[in-house]
Every structure is written in structure tokens, then in C-alpha cells.
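Input: a single structure, listed below in C-alpha cells.
The values are calculated or read from the model by the stated rules, or taken from the named source; none is laboratory data. This structure is a prediction, so every number in the text was calculated from the model and none was measured. Quick reminder, even Gly has a Cβ in these numbers, built from the backbone with ideal geometry, and neighbours come from all protein chains shown. For accessibility, only protein heavy atoms count, side chains too; no ligands or nucleic acids. Shrake-Rupley method; radii C 1.70, N 1.55, O 1.52, S 1.80 Å.
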Amino acid sequence: MRKVFVELGSMTVKELLEQYGSGHRDFGDLNLAEGNLSRAVLSHANLSHAILSIANLSGANLTGANLSYARMNVARLSGANLTGANLTGAILNVANTIRTKFDRASLVRASLVRAEMIRASMVAATLVEADLSTADMRESQLDRVDATGANFSETDLRGSSIVGSNLTSANLTGCELSKSKLTGSDLGRCEMRHARLHRADLSGVSLRGANLRWADLSGANLRWADLTDAKLSGANLIGADLSNANLLNTSFVHADLTQASLIGADLEGADLSGATLTGAKLHGVARFHLRTQGMTCEWVDISPNGDHSQIYRFTPENFQKFFNQTPPVVQIAIDSPIDSEANLALAQLYHAIAQEMSGAIEPPSIDADYRRTMLRFRVEADEHLFTTLFAAILPFADAKATHKSLSQVLYSIQSKSNKILGVKEANQAAKLSVSLLQTLRRVAPLQKRIQPLLSKFEIPFLSAPTQTSMLNSSDLFLQIYGNPRFGKRFLNAAELEVAPEAILGTNNSPVLPTPKEALDFVQGFYSLERVV
């Protein structure tokens with residue numbers, strides 16, 4: 001085969017390779033345009049600012065080489081090994097890098113516009129602010145790359161692996177990512193308008209503040225993804241899996257979520273104006289503070305496994321009620337201001353209760369003034385209100401009386417429902433009451449288990465009168481117990497010239513809600529229309 005020699009200033013390719021063989025490594029600024037360096041061994045060579053345009057470097061060994069700011073337009077690098085190479089600011093536009101290895105290489109601000117990079121490997125490479133727009137990167141490996149601020153607009157990344165990578169603030173406008181795997185990657189604040197992510201694996205991905213307007217996410221896996229404040233207006237999410245995703249304040253304006261799975265997702269504050277949710281799976285979804293103007297939804301699947309065993313079909317009357325819940329809350333008002341000693345006692349007691357209940361009760365928010373203290377316990381769903389109330393009152397002297405009132409309310413629902421409701425509704429209410437009573441019996445031993453800790457905190461705050469109430473997701477209020485002494489501790493019987501019992505009362509029996517009030521309160525627990 002005839003050997004081709006190219007002038008390198010005063011050096012030919014042959015002389016370059018001979019000098020490299022003799023230990024010389026510094027070849028910066030040389031002109032290697034159109035040079036044939038196929039399968040050449042130039043590992044750790046300094047080729048900084050070299051001209052390699054249209055050069056043949058296919059199969060070359062350039063591991064650890066310094067190619068910073070080299071000009072490599074239309075170069076052939078297929079099968080070359082550039083592991084650990086420095087390509088900072090290098091220009092590889094329209095280069096052929098099919099199956100090229102760039103693992104751990106630095107391509108900071110490098111330009112690879114329209115480069116052929118099919119099945120290229122860039123594992124753990126640094127691509128900060130690199131320009132890979134319109135490149136063909138099908139089935140490439142970009143696991144653990146740092147591509148902060150990189151440009152992938154109109155890039156073809158179909159079937160690629162981008163696992164555990166940092167693409168914060170990258171530009172992926174119109175990028176083709178169908179069937180790609182991006183598990184655990186950070187795409188926060190990315191520009192992804194019109195990106196194609198059909199059947200892509202985005203599980204555990206951070207897309208906080210990302211712009212996904214008009215993106216195609218049909219059939220995509222977004223389980224446990226974080227889309228807080230993301231914009232998905234007009235996006236196609238048909239059949240997408242958003243189970244347990246964080247969708248706090250996410251914009252789905254005019255998005256299509258037909259048959260999408262949102263089981264366990266946090267939708268609070270999401271904007272669903274004009275969106276389509278027909279057939280969406282919504283088991284365990286808290287629907288608080290949503291915007292739903294113009295939304296289309298004929299039915300949803302509320303079965304735990306999304307198997308269509310429990311379908312909720314909408315009427316104009318129940319649509320707004322279903323999608324505009326109020327966060328359920330248990331409230332305990334204490335007729336005493338909280339001090340540091342009481343605050344410490346509550347923290348320890350509720351920590352012990354949470355451990356006994358496997359974390360089923362959250363720490364309360366505390367609102368206090370100089371006279372009273374209010375504890376609020378937010379719960380995930382209405383059916384947890386009674387159990388949370390049972391546990392929340394345990395630190396207080398009023399616990400026994402409150403538990404008794406709670407049981408009486410549930411027995412009232414069970415015994416009076418057939419006189420107030422129709423047969424079907426009465427049976428549902430009775431079943432609910434039995435279920436809740438059974439739950440309370442299971443948690444009843446909790447009081448004995450925390451008694452040793454309670455005996456350590458003999459402080460006035462825990463003996464103060466209380467009022468205990470609940471607010472359900474339909475914004476209905478129900479008081480369970482009110483101590484007759486609540487609000488009367490500042491009254492002076494002597495000054496009022498009345499007997500003390502006239503102020504404090506002799507009847508310690510609480511005023512229970514009427515059966516109708518109790519039934520109205522729990523109606524939302526079982527009123528969904530279920531069709532198997």
C-alpha cells in the first residue's frame with residue numbers, strides 16, 4: 001500500500017510517529033489536516049490547537065491525549081479511543097465518532113455539531129457547555145456525565161443510556177430521546193420544548209423547573225420523578241407512569257394525561273387547566289389546591305393497583321368536589337400557652353407515638369398565643385383522620401374522654417345510618433364504622449405502651465382542657481370532644497358572685513355531634529361510585 005506523507009510544518013506523519021516512538025510528546029499547533037493516522041498510537045500526546053480537519057484517526061489510540069482547542073472538523077474517529085483525553089474547546093463538527101470512546105474525557109465547551117456519534121461511549125465525561133446540537137448519538141452511553149448547560153437541541157439520542165448524569169440547565173429542545181434511559185439523572189431547569197421522550201425511562205429523574213412544553217412523554221416511565229414547578233403545557237403524557245412523582249405546582253395546562261398513572265403522586269398546587277385526565281389512575285392522590293378550569297375527565301381509576309376494579313365516573317355535580325379537596329386535618333386546641341418544657345415533652349411523646357405506629361403520624365404544626373395552643377396534624381386521606389386523632393390526643397389528660405367520644409360517634413354512625421340514609425348508603429356507612437372501630441381497637445394498646453414515658457411529664461400543660469376536632473377533604477368540620485372547662489380558667493366565681501360549679505359545670509359529658517352531622521362528615525369516605 002502506498003504511504004501518504006503530509007507536511008506538518010517541517011514534519012511528515014512518518015516523522016511524527018517516529019518522534020513519538022522515541023519519546024517525544026509535544027506536537028501542539030501542528031497542521032495535520034487530511035493526515036492518515038488510522039490506528040496510530042498517540043496516547044498522552046500534546047496535540048493542543050492542532051489542525052486535524054478531515055484527518056483519518058479511526059481506531060487511533062489517543063488515551064489521555066491533550067486535544068484542547070484542536071480543529072477536527074469532518075475528522076474520522078470511528079473506533080478511536082480517547083479515554084481520559086482533554087478536548088476542551090475542541091471543534092469536531094460533522095466528525096465521524098461512531099463507536100468512539102470518550103470515557104472520562106473533558107469536552108468542556110467542545111463543539112460536535114452534526115457529529116456522527118452512534119454508539120459512542122462518553123461514560124463519566126465532562127460536557128459542560130458543549131455543543132452537540134443535531135448530532136446523531138443513537139444508542140450512545142452517557143452515564144454519569146456532567147453536561148451542565150450543554151446544547152443537545154435536535155440531537156438524536158434514541159435508545160441511549162444517560163443514567164445518573166447531570167444535565168442541569170441543558171438545552172434539549174426537540175431532542176429525540178425515545179426509549180432512552182435517564183434513570184436518576186438531574187435535568188433541573190432544562191429547556192426541553194418539543195422533546196420526544198416516548199417510552200423513555202425517567203424514573204427518579206429530577207426535572208425541577210424544566211420546560212417540557214409540547215414534549216412527547218407518551219408511555220414514559222416517570223416513577224418517583226421530581227417535576228416540581230416543571231412546565232408541561234400541551235405535553236403528551238398518554239399512558240405515562242407518574243406513580244409517586246412529585247408534581248408540586250407543576251403546570252399541565254392542556255396536557256393529555258389519558259390513561260396516565262398518578263398513583264401516590266403529589267399533585268398539590270398543580271395546574272390542570274384544559275388538561276385531559278380521562279382514565280387516569282389516581283389512587284392515593286391528594287387533590288389539594290388544584291386548578292381545573294376547562295379540564296376534561298369522564299372517569300378515573302381509583303383502584304390501588306390501577307386494574308380498573310374501582311372506577312369513579314363523573315357527573316357535573318361531583319367533578320369539582322373530587323378535584324378540589326381540602327387537606328384533611330386533626331386539630332387539638334389546648335387551653336394553655338405552650339412553654340419550652342411542654343414543647344420538649346410533646347416532641348418526645350409524639351416521637352415515641354410515631355415509632356409505635358411506624359411513622360403513621362406526622363409531627364404537628366404549633367400555633368400559640370398567650371392564652372392557648374393549637375396543634376394541627378395533617379393526614380394523607382380522610383380515612384386516617386380517626387386513627388390520627390386517637391393517637392394525637394394521647395399525651396393529654398383528656399385522652400380517655402376523647403377516645404370515649406370518638407367511639408360513641410362511630411357507634412352512632414353504625415346504629416343510626418339506616419334511619420337517615422337509603423339502604424345502600426346505610427350499608428356503606430355501617431361498614432365504614434365497623435372498619436374504623438376495628439382500626440381503633442388495634443391501636444388502643446398504644447396508650448399502655450407509652451404510659452411509662454407519659455409518667456415522666458407531669459406538667460400542667462398536658463392536664464389543660466382540650467377541644468378536639470377534624471376537618472375533612474370536603475372542608476366539613478366535626479368536633480369530637482370539648483372539655484367543659486375549656487375557656488373558663490380565667491373566670492373568677494367569687495367576683496361574679498356565683499357558685500364555682502355554675503361556671504365550670506357539673507356535667508362532664510361531652511356534647512356529641514348528631515348522627516346526621518357525623519354521617520355528613522364521613523360521607524366522602526365511601527361516596528365514590530365504584531364499578532367493577
task = Looking for whichever is over 22 Å from Ser153 (Cα atoms) and modelled with pLDDT of 95 or more here; the options are Phe252, Phe314. Which one fits?
result = Phe252
request  = Consider Glu517 carefully, then state whether it is acidic (Asp, Glu), modelled with pLDDT under 80, open to solvent by 30 Å² or more (accessible area, probe 1.4 Å) and within 30 Å of Ala286 (Cβ to Cβ).
outcome  = no
inquiry  = Being touching a strand residue (DSSP E or B) at 6+ places or on another chain (Cβ under 9 Å), within 19 Å of Pro465 (Cβ to Cβ), exposed (fewer than 15 other Cβ atoms within 10 Å of the Cβ) and among the acidic types (Asp, Glu) narrows it down to one residue among Asp335, Asp339, Asp367; which is it?
reply    = Asp367
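Checking the condition among the polar types (S, T, N, Q) and under 22 Å from Ala150 (Cα atoms), which residue from Thr83, Thr63 passes? Break it down into steps so the answer makes sense when it comes.
On the way: Thr63 fails: under 22 Å from Ala150 (Cα atoms).
Being among the polar types (S, T, N, Q) and under 22 Å from Ala150 (Cα atoms) holds for just one of Thr83, Thr63, which is Thr83.
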inquiry  = Please count how many residues of region 22-47 are open to solvent by less than 20 Å² (accessible area, probe 1.4 Å) and either touching a Lys or Arg at 6+ places or on another chain (Cβ under 7 Å) or over 19 Å from Gly79 (Cβ atoms) (or both).
reply    = 2
ask   = Quick check, is Ile413 within 24 Å of Leu519 (Cβ to Cβ) and touching a residue at least 60 places away in the same chain (Cβ under 8 Å)?
value = yes
request  = State all residues of region 203-223 that are aliphatic (A, V, I, L, M) and under 19 Å from Ala275 (Cβ atoms); if no residue qualifies, say none.
outcome  = Leu207, Ala210, Leu212, Ala215, Leu217, Ala220, Leu222
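Tell me whether region 248-256 contains one or more residues that are aromatic (Phe, Trp, Tyr), touching a Gly at 6+ places or on another chain (Cβ under 8 Å) and at negative phi. It would help to see each step written out before you state the result.
Restricting attention to region 248-256, the residues satisfying the condition of being aromatic (Phe, Trp, Tyr) are 252.
Going one step further and asking which of them are touching a Gly at 6+ places or on another chain (Cβ under 8 Å), we end up with none.
The answer is no, given that none of the residues of region 248-256 is aromatic (Phe, Trp, Tyr), touching a Gly at 6+ places or on another chain (Cβ under 8 Å) and at negative phi.
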remark   = Ala345: passes all of (1) touching a helix residue (DSSP H, G or I) at 6+ places or on another chain (Cβ under 8 Å); (2) more than 29 Å from Thr439 (Cα to Cα); (3) at pLDDT 90 or above; (4) not charged (D, E, K, R) but (2)
Selection count, region 203-251, where residues are part of a strand (DSSP E or B) and over 15 Å from the mean Cα position of the chain (by Cα) = 3
key: Residue that is least open to solvent (accessible area, probe 1.4 Å), among those in region 270-291 that are modelled with pLDDT of 90 or more and at positive phi   = Gly279
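Pull up region 365-404, narrow it to residues that are aliphatic (A, V, I, L, M) and in a strand (DSSP E or B), then point me to the one that is farthest from the chain's Cα centre (by Cα). Quick ask: steps written out before the conclusion?
Going residue by residue through region 365-404, those that are aliphatic (A, V, I, L, M) are 366, 368, 374-375, 379, 381, 385, 389, 391-394, 397, 399, 401.
From the residues that got through so far, the ones that are in a strand (DSSP E or B) too are 366, 368, 374-375.
Values: Ile366: 26, Ala368: 32, Met374: 30, Leu375: 27 Å.
Filtering first and then ranking leaves Ala368.
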ask   = Somewhere in region 491-507, is a residue modelled with pLDDT of 75 or more and open to solvent by less than 30 Å² (accessible area, probe 1.4 Å)?
value = no
Those residues of region 389-409 which are among the charged types (D, E, K, R) and surrounded by fewer than 19 Cβ atoms within 10 Å (Cβ to Cβ), in sequence order = Lys400, Lys404
inquiry  = Among the listed residues Ser185, Ser178, Ser165, identify the single one that is open to solvent by less than 50 Å² (accessible area, probe 1.4 Å) and either of a type in the set (Phe, Trp, Tyr) or touching a His at 6+ places or on another chain (Cβ under 6 Å) (or both).
reply    = Ser178
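Being open to solvent by 50 Å² or more (accessible area, probe 1.4 Å) and either part of a loop (DSSP other than H, G, I, E, B) or under 22 Å from Asn244 (Cβ atoms) (or both) is the filter here, so list the residues in region 292-309 that pass it.
Keep residues of region 292-309 that are open to solvent by 50 Å² or more (accessible area, probe 1.4 Å), which gives 293-294, 296, 298, 304-305, 307-308.
Gln293, Gly294, Glu298, Pro304, Asn305, Asp307, His308, listed by residue number.
Mind checking which residues of region 438-489 are of a type in the set (Phe, Trp, Tyr) and either under 19 Å from Ala354 (Cβ atoms) or in contact (Cβ under 8 Å) with a residue 60 or more places away in the chain (or both)? Walk me through how you get there before you give the answer.
So in region 438-489, the residues of a type in the set (Phe, Trp, Tyr) come out as 457, 461, 477, 481, 486.
Within region 438-489, Phe457, Phe461, Tyr481, Phe486 meet the criteria.
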request  = Just need a number here: residues in region 317-340 that are at pLDDT 90 or above and in a helix (DSSP H, G or I).
outcome  = 1
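Just give me the residues in region 277-291 being under 18 Å from His384 (Cα atoms) and part of a loop (DSSP other than H, G, I, E, B), in sequence order.
Initially, region 277-291 is screened for residues under 18 Å from His384 (Cα atoms), giving 282-288.
Matches in region 277-291: Leu282, His283, Gly284, Val285, Arg287.
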